[in-house]
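The values are calculated or read from the model by the stated rules, or taken from the named source; none is laboratory data. Source: prediction; values computed, not measured. All Cβ positions, glycine included, derive from the backbone under ideal geometry; neighbour counts span all protein chains shown.
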Amino acid sequence: MFLKKDKRPNGRIYLSIVEGYRDHETKKPKQRKVKSLGFLDDLEKEYDDPISHFSLLAKQMTEEAKNKELPLDFSFSPDETIDPSTVLRKNLGFSVLSYFYHKLRINNFFINRQRNLSIDYSLNNIFQMLVYSRVLDPCSKKSSFENMDNYFLDFNFGINDVYRALDYFNFYKDDLLLHIHEMIRMTYGRDTSNVYYDVTNYYFEIKEPDDFRKKGVSKEHRPNPVIQMGLLMDNLGLPITYKLFEGNTNDCSTLMPVLNDLKDDYSLGRIIVVADKGMNTGENIAYNILHKNGYIYSQTVRGANADLKEYVLSDEGYEEFSDGFKIKSRIITTNIWVENVSGKKVQVPIEQKQVVFYSPDYAERARYEREKAIEKAKKLINNTKNGKMLKKGSFKYIISTPVDKNTGEIYEYTDIHSIDEEKIKEEEKFDGYYAIVTSELEMPNQEILDAYRNLWRIEETFKITKSELKTRPVYLSKKEHIKAHFLTCFVSLLLLRLIQMNTDEKYTTKTLIDEMRNITGTYVDKNYYMFDYYNEIVKDLGKTVGINFSKRFMTLGEIKKIISQMKN
């Protein structure tokens, strides 16, 4: 086999690997194509020297074809040592990620953009490296670069190129997200009948805030400066888009900018925004109505008006089930507060459906959490009687407790501290009751409830970014680089969700990541690598992307062939 270079009429050179053979009938020598590679100018974006690379691959394929049926014979010296600068074990599990990366044609996106740039490194290769390492070995950009040899990757760029590329990634962020959305829509289908929205924040280990990383209400109760992220997800649990905000931005004010960014480019049609009570504001409701979209928001019960509380506690109208669950709904005219063109807050009447339900499991959980809080409150009171100064917080069920506004400490009075029994009694009435408000007046109660219950997916998504992908803390300071970091995290998350979806949701993201990490080959001898890990999950992953991971021995040429196949 050898590398063939065909010059096309347009002047471009097309590369392919061909092999010679003798025609059985004519006895004349002929050639047949073994592998199509692509145009030389495109391949130069991914390989430093495509001619040398694929000439070597053709040679390796020839050797493999000769030796395929021969038994392997390795010899080892008992005194052989390991060179500390040599990486003998390399990861091949990234090829599963590579399959979906190329399925979304992210490589084409960067290759096409780079044609107009005067840079001598591959944006596509750097982005791949950052995405694969974010999933399989999350660490700083510098460490990801230094660990590149741990993968069967043939990339050639420097650490300075990585940091320079971050500026381009940030610049192309919106275009890339739209490109990915279109590819998902065409390849897998987008179900945006319901879209799920939530907000979280990520901390930075810096002493002083700046104009982007600011002090805010940390979801992890940390004192560090944070940035906010609003994430929008489709009905299948696939992320659609995201937006970053300054750390002191209120959660409720993030929804409209995210939806605004979608504009008409995403062609979502009418959507129903499903979100928690933090998004349940007059401005957000009005925005959805004005844009002919819908909403399903949770509504606080204990903090609701008297009319809703009375409706919740009334037994009339509930549909009851054998497990104690019950549900009912009503359509009412209610007023929302919105800001008019002159900036004044005014009330606007709207029709709204209220769905309320009771869950015995939720009631039991609420009682358990309250009992813990009451026990803590009692300890606070006892500690105060003993003359101990207390830390600020957890005074929810304590009444008549003078607090120093400057220090948060309880004064040493022993005769006025008590548990607020009235507050507890009032709370107990609403244990297990939840309310949902929606614009969808005709939607069945169960369908509304099912949509709301699917919010766990986006909450789980945020947990994945923080635990598995280790999105924070962020070891970057330049604003554009921070934004690029979150872009690589978003794409990493999306690839993981696609793998989950294509393995029938059988495995957690943690399980999938662990299994891909374990698919490694150790160099033995004579260009062979030995693989020593295989199970049903790895088998499923291989079946999903068309790789046989059960082979114990593979040549470097076979491995490169697998990697190349993932790009088709």
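State yes or no: is Glu316 in a loop (DSSP other than H, G, I, E, B) and at pLDDT 95 or above?
Details: in a loop (DSSP other than H, G, I, E, B): yes; at pLDDT 95 or above: yes.
Spelling it out, Glu316 is indeed in a loop (DSSP other than H, G, I, E, B) and at pLDDT 95 or above.
How many residues, within segment 212-224, are more than 13 Å from Leu244 (Cβ to Cβ) and at pLDDT 90 or above? Walk me through it before giving the result.
Residues of segment 212-224 more than 13 Å from Leu244 (Cβ to Cβ): 215, 217-224.
Going one step further and asking which of them are at pLDDT 90 or above, we end up with none.
Residues that pass the stated criteria total 0.
Is it the case, given these coordinates, that Lys463 is without any contact (Cβ under 8 Å) to a residue 12 or more places away in the chain and of a type in the set (Lys, Arg)?
yes
Being acidic (Asp, Glu) and touching a residue at least 60 places away in the same chain (Cβ under 8 Å) is the filter; apply it to segment 510-535 and report the residue that is farthest from Met554 (Cα to Cα).
Going through the qualifying residues, I end up with Glu515.
Can you name the helices (runs of 4 or more DSSP H) wholly within segment 436-551 that have at least 2 residues being acidic (Asp, Glu)?
Numbers: elements: 445-453, 456-467, 479-502, 509-518, 536-545.
Those helices (runs of 4 or more DSSP H) span 445-453, 456-467, 509-518, 536-545.
Please name all residue pairs, on different chains or six or more residues apart, with Cβ atoms under 6 Å, provided the first residue is in segment 123-147 and is under 17 Å from Ser95 (Cα atoms) and the second residue is surrounded by fewer than 21 Cβ atoms within 10 Å (Cβ to Cβ) and β-branched (Val, Ile, Thr).
Listed pairs, sorted by first residue: Asn124/Ile111; Ile126/Val162.
Taking segment 32-45 only, how many residues are assigned to a loop (DSSP other than H, G, I, E, B) and over 12 Å from Asn112 (Cα atoms)?
The total comes to 1.
Within segment 46-75, restricting attention to residues that are modelled with pLDDT under 80 and among the small types (Gly, Ala, Ser), which residue is farthest from Asn112 (Cα to Cα)? It would help to see each step written out before you state the result.
Initial filter on segment 46-75 (modelled with pLDDT under 80): 63-75.
Keeping just the survivors that are among the small types (Gly, Ala, Ser) gives 65, 75.
Working: Ala65: 36, Ser75: 47 Å.
Looking at residues that are modelled with pLDDT under 80 and among the small types (Gly, Ala, Ser), I get Ser75.
What number of residues within segment 258-272 are more than 19 Å from the chain's Cα centre (by Cα) and under 28 Å from Val301 (Cα atoms)?
Residues in segment 258-272 being more than 19 Å from the chain's Cα centre (by Cα) and under 28 Å from Val301 (Cα atoms): 2 in total.
So the check is Cβ under 9 Å with 6+ separation or different chains; which pairs have a first residue in segment 360-375 that's more than 18 Å from Ile398 (Cα to Cα) and a second one that's part of a helix (DSSP H, G or I) and of a type in the set (D, E, K, R)?
Matching pairs, first to second residue: Ala366/Glu427; Ala366/Glu428.
Kindly indicate which of Ile296, Ile331 is part of a strand (DSSP E or B), farther than 28 Å from Phe462 by Cβ and touching a residue at least 60 places away in the same chain (Cβ under 8 Å). Write out each step before concluding.
Details: Ile296 fails: farther than 28 Å from Phe462 by Cβ.
Of the residues listed, the single one that is part of a strand (DSSP E or B), farther than 28 Å from Phe462 by Cβ and touching a residue at least 60 places away in the same chain (Cβ under 8 Å) is Ile331.
Give segment 297-327 a look and list any residue that's over 18 Å from Pro360 (Cα atoms), small (Gly, Ala, Ser) and under 38 Å from the mean Cα position of the chain (by Cα), or say none.
Hits for segment 297-327 are Ser298, Gly303, Ala304.
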